[in-house]
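The values are calculated or read from the model by the stated rules, or taken from the named source; none is laboratory data. None of the values given here were measured: they were computed from a predicted structure. Here the Cβ positions follow ideal geometry from the backbone for every residue, glycine too, while neighbour counts run over all protein chains shown.
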Amino acid sequence: MTERVEHGQLFIGGVMADPLGSDVIEVVSPHTGEVFARVPHASRADVDRALAAARAAFDHGPWPRAALAERLEVVSRIRDGLAARHEEMARLITSENGTPYTSSVHMQALAALRVWDAALLVARDFVHEEPRAGASGRLLVRREPVGVVAAVVPWNVPQFTAAAKLAPALLAGCPVVLKTSPQTPLDAYVLAEIAAGAGLPEGVLSILCADRGTSEYLVGHPDVDKVSFTGSVAAGKRVMEVAARNLTRVTLELGGKSAAVVLPDADATTAVAGIAPFAWLLNGQACVAQTRILVPRARHDEFADGFSAAANALLAGDPLDPATELGPLVAESQQRRSLDYIRLGRDEGAKVLAGGGRPRGFDRGWYVEATLLGQVDNSMRVAREEIFGPVVCLLPYEDEEEAVRIANDSAYGLSGSVWTADPERGLDVARRVRTGTYSVNTFDIDVLGPFGGYKDSGLGREFGPEGYAAYFEHKTIHLPAGWDG
């Protein structure tokens, strides 16, 4: 049973403070459909207060001017605090968004720790200042912190995406205002408690929860130097539009409709076992989910049987039950959206091969069966639009050239995979598919490599030195003749 949770304050500039507004956010359990928590809704005045603290911390405080070793030490303490409480974090996120608890431990809490670990490693090895030979003399090239960061994170992987922004920004010397989703505000209170005890100077971190209106006010604020946003394409375009008024730098990690390409020589058992966990990843609520599975037309029915069996085998249940493999969607609107797309797929001519409705016996909560649609054409809306639910499309193709064409025939370009008996052939396909990350005979998002998307999937990169570099400005200093320092 989900415990009742009440929070009455906001984390502003490193301390808990009473909100300046009176609005409240009610958090609804996706398992029961009932309110189980309440937190303050940050007002514009709260945003002003948080940004004033961040601005003072950047312009006058010690954090941007501290030695890297000092920042590494403080951020390491945040990481260690999260590690000590990772099971608590996993349970909170499960209660908020419906991720099955067993998955939540690994894909929410521990995955976020991997992001913190990777950022610490990257920062240690990053070249923050280097002499360089110029065309007319010696240069000193510096990377200086970009300034105050507004980090906006979604509800599906709240700590993973928070870590992707907070860890590099803090290590770079940037104060951060973190804006959480109204669906998942609770885990951020654990993060705030840990950060408060880690030794961050005053003003360096604020954590606010608010709706879209207050979020827009945040990203459009003149005191923000950089926005890092993860969310939908529509929201990302609006963020970019609002931020552009101040020429604020932006990183956008947006949606996906990723294709898993099964080549004709692939072993069916291996391919199904490798793809299925990432087709219905996080109850289908993952931007990198392999939601278009491309199979040779001559083997369509063989793979239809395999993936249908995989979908039917997923055990739906209370997400806090360790045996559960398929939990509820985050909100009733997401459940309705998935069911509407399943009906649309039928109307478009797709066949429901598995699932297609609510699981039997689940009359409350936002549950949808793991669903497989077969005989899907890439022109159908179910193949082109991000559903963000447990609805996967099986698309037949004639030859490898058509498979690559279908994979690329998308507004998105975030992730993908290829499955084959010949890894060199798979690598050739990987090079031809226009997407930010790709896997051959596996699926992974490696937090030491750059992550982000082509086309509508986003702008810029997170993770690795590329993601860390996004929190710096580059300065060139021209040195006097004869300089040998």
Checklist outcome for this item: Conditions (1) part of a loop (DSSP other than H, G, I, E, B); (2) farther than 30 Å from Asp363 by Cβ; (3) of a type outside the set (Lys, Arg) -> Thr32 fails only (2)
Item to check | Exclusive hit being at pLDDT 95 or above, touching a strand residue (DSSP E or B) at 6+ places or on another chain (Cβ under 7 Å) and part of a helix (DSSP H, G or I), set Glu70, Glu88, Glu96 | outcome: Glu96
Item to check | Positions within the range 23-65 being out of contact with any helix residue (DSSP H, G or I) (no Cβ under 7 Å at 6 or more places or on another chain), over 24 Å from His221 (Cα atoms) and among the β-branched types (Val, Ile, Thr), in sequence order | outcome: Val28, Thr32, Val35
Next on the checklist: Take the conditions assigned by TED's automatic domain parsing to the domain that holds Gln285 and either touching a Pro at 6+ places or on another chain (Cβ under 8 Å) or of a type in the set (Ser, Thr, Tyr) (or both) and apply them to Leu353. Does it pass?
Outcome noted: no
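Just name the residue that is nearest to Thr230 (Cα to Cα) out of those in the range 256-270 that are surrounded by 23 or more Cβ atoms within 10 Å (Cβ to Cβ) and in contact with a Phe, Trp or Tyr (Cβ under 9 Å, 6 or more places away or on another chain).
Looking only at the range 256-270, we keep the residues that are surrounded by 23 or more Cβ atoms within 10 Å (Cβ to Cβ), and these are 256-262, 266.
Now drop any that are not in contact with a Phe, Trp or Tyr (Cβ under 9 Å, 6 or more places away or on another chain), which leaves 256-258, 260-262, 266.
On the way: Gly256: 12, Lys257: 16, Ser258: 17, Ala260: 23, Val261: 26, Val262: 29, Ala266: 34 Å.
Within the range 256-270, the match that is nearest to Thr230 (Cα to Cα) is Gly256.
Look through Ser215, Ser181 and report the one residue that is polar (S, T, N, Q) and in contact with a Phe, Trp or Tyr (Cβ under 6 Å, 6 or more places away or on another chain). Before the answer, list the steps.
Working: Ser215 fails: in contact with a Phe, Trp or Tyr (Cβ under 6 Å, 6 or more places away or on another chain).
Within the list Ser215, Ser181, the selection yields Ser181.
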Checklist entry - Are any of the residues in the range 364-380 basic (Lys, Arg) and free of Cβ contacts under 8 Å to residues at least 60 places away in the same chain? => result no
Checklist entry - Hey, does the range 464-473 have a residue that's modelled with pLDDT of 95 or more, surrounded by fewer than 19 Cβ atoms within 10 Å (Cβ to Cβ), outside any helix (DSSP H, G or I) and not hydroxyl-bearing (Ser, Thr, Tyr)? => result yes
Next on the checklist: Please determine whether any residue of the range 369-387 is over 22 Å from the mean Cα position of the chain (by Cα), charged (D, E, K, R), exposed (fewer than 14 other Cβ atoms within 10 Å of the Cβ) and more than 24 Å from Thr99 (Cα to Cα).
Outcome noted: yes
Item to check | Long-range neighbours under 7 Å by Cβ, at least six apart or interchain, first residue in contact (Cβ under 8 Å) with a residue 24 or more places away in the chain and more than 17 Å from Arg249 (Cβ to Cβ) within the range 154-169, second part of a helix (DSSP H, G or I) and acidic (Asp, Glu) | outcome: Pro158/Asp187; Gln159/Asp187
Checklist outcome for this item: Considering residues that are in contact (Cβ under 8 Å) with a residue 12 or more places away in the chain and outside any loop (DSSP other than H, G, I, E, B), the number found within the range 236-268 is 16
Item to check | Tally of residues being free of Cβ contacts under 8 Å to residues at least 24 places away in the same chain and in a strand (DSSP E or B) across the range 381-407 | outcome: 0
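For every residue, the table says whether it meets (1) within 23 Å of Pro277 (Cβ to Cβ); (2) acidic (Asp, Glu).
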| residue | (1), (2) |
| --- | --- |
| Leu414 | yes, no |
| Trp419 | yes, no |
| Arg425 | no, no |
| Asp428 | no, yes |
| Val433 | yes, no |
| Gly436 | yes, no |
| Leu448 | yes, no |
| Gly458 | no, no |
